[in-house]
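The structure appears below as structure tokens.
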Amino acid sequence: MPKPSYSIGALAEATATKVETVRYYERIGLLPEPGRTAGNYRSYGETHLGRLSFIRRARDLGFTLDQVRTLLGLAESRDSDCCTVDAIAQDHLTDIERKIADLKALRRELRDLIGQCQKGAISECRIIGALSPR
């Protein structure tokens, strides 16, 4: 039985990834170069599909490309201890929680500014005043 083969478009569609992104991942070494057809078109296999799906899911979770590269390397070492993976995920979670706290503070500040609006002239606008240099 022949191995499944995907064109770049089919691979991109199967993983909800843009074709340009697939090419970029190849250029930076996250995705191995595919074989070529007799007509010199890229021909991707199941390994590419699995790897690109992994990359997409990791990116959807907000991992950086460097973190994804490390996670891919670790995923290939099936018998290794997963402490490094846990540490990467914990660092990422800590970063996300910090960003959430920052966004909540921004939300509070904006709500306060909006709440101070007196619907008057721009010259008296508290929001414009808060944005302007002191």
query = When only DSSP loop residues count, what trypsin sites (Lys or Arg not before Pro) in the stretch 1-82 have their Cβ near at most 11 other Cβ atoms within 10 Å?
reply = K18, R78
key: In degrees, nearest ten, helix 65-75 long axis to first principal axis of the chain (Cα)   = 40 degrees
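Would you mind working out the magnitude of the charge dipole of the chain relative to its Cα centre, with +1 at each Lys and Arg C-beta and -1 at each Asp and Glu C-beta, to the nearest 20 Debye? The partial results should precede the final answer.
Working: 21 positive and 18 negative charges, 117 e Å.
Computed charge dipole of the chain: roughly 560 debye.
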task = State, to one decimal in nm, how far the label point of I28 lies from the label point of L49, with both points 7 Å from Cα in the Cβ direction.
result = 2.5 nm
task = Work out from phi, with θ = phi - 60° and the Karplus expression 6.51 cos²θ - 1.76 cosθ + 1.60, the ³J(HN,Hα) of each residue of the stretch 99-111, listed in order in whole Hz, and give x for Gly and Pro.
result = 5, 4, 4, 4, 5, 5, 5, 4, 4, 4, 4, 5, 4
ask   = DSSP loop chymotrypsin sites (Phe, Trp or Tyr not before Pro) in the stretch 18-96 with at most 15 other Cβ atoms within 10 Å of their Cβ, which ones?
value = Y41
query = Taking the Cα centre of the chain as the origin and placing charges on Cβ (Lys, Arg +1; Asp, Glu -1), which of Y44, L93, T21 is farthest toward the positive end of the dipole?
reply = T21
ask   = Between V68, P133, G9, whose Cα lies farthest towards the positive end of the dipole of the chain when Lys and Arg beta carbons carry +1 and Asp and Glu beta carbons carry -1, centred on the Cα centre?
value = P133
note = Here the stretch 5-10 yields Karplus 3J(HN,Hα) values (6.51, -1.76, 1.60; θ = phi - 60°; whole Hz; Gly and Pro given as x) of 10, 10, 6, 4, x, 5
note = If one compares the long axis through the Cα atoms of helix 46-60 with the longest principal axis of the Cα atoms of the chain, the angle in degrees, nearest 10, works out at 10 degrees
ask   = Looking only at Cα atoms, what is the convex hull volume of the chain per residue, in Å³?
value = 192 Å³
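Here, each number is a calculation from the coordinates, and none is a lab measurement. This structure is a prediction, so every number in the text was calculated from the model and none was measured. For neighbour counting, all protein chains shown are included, and Cβ atoms are generated from backbone atoms with ideal geometry for every residue, glycine included.
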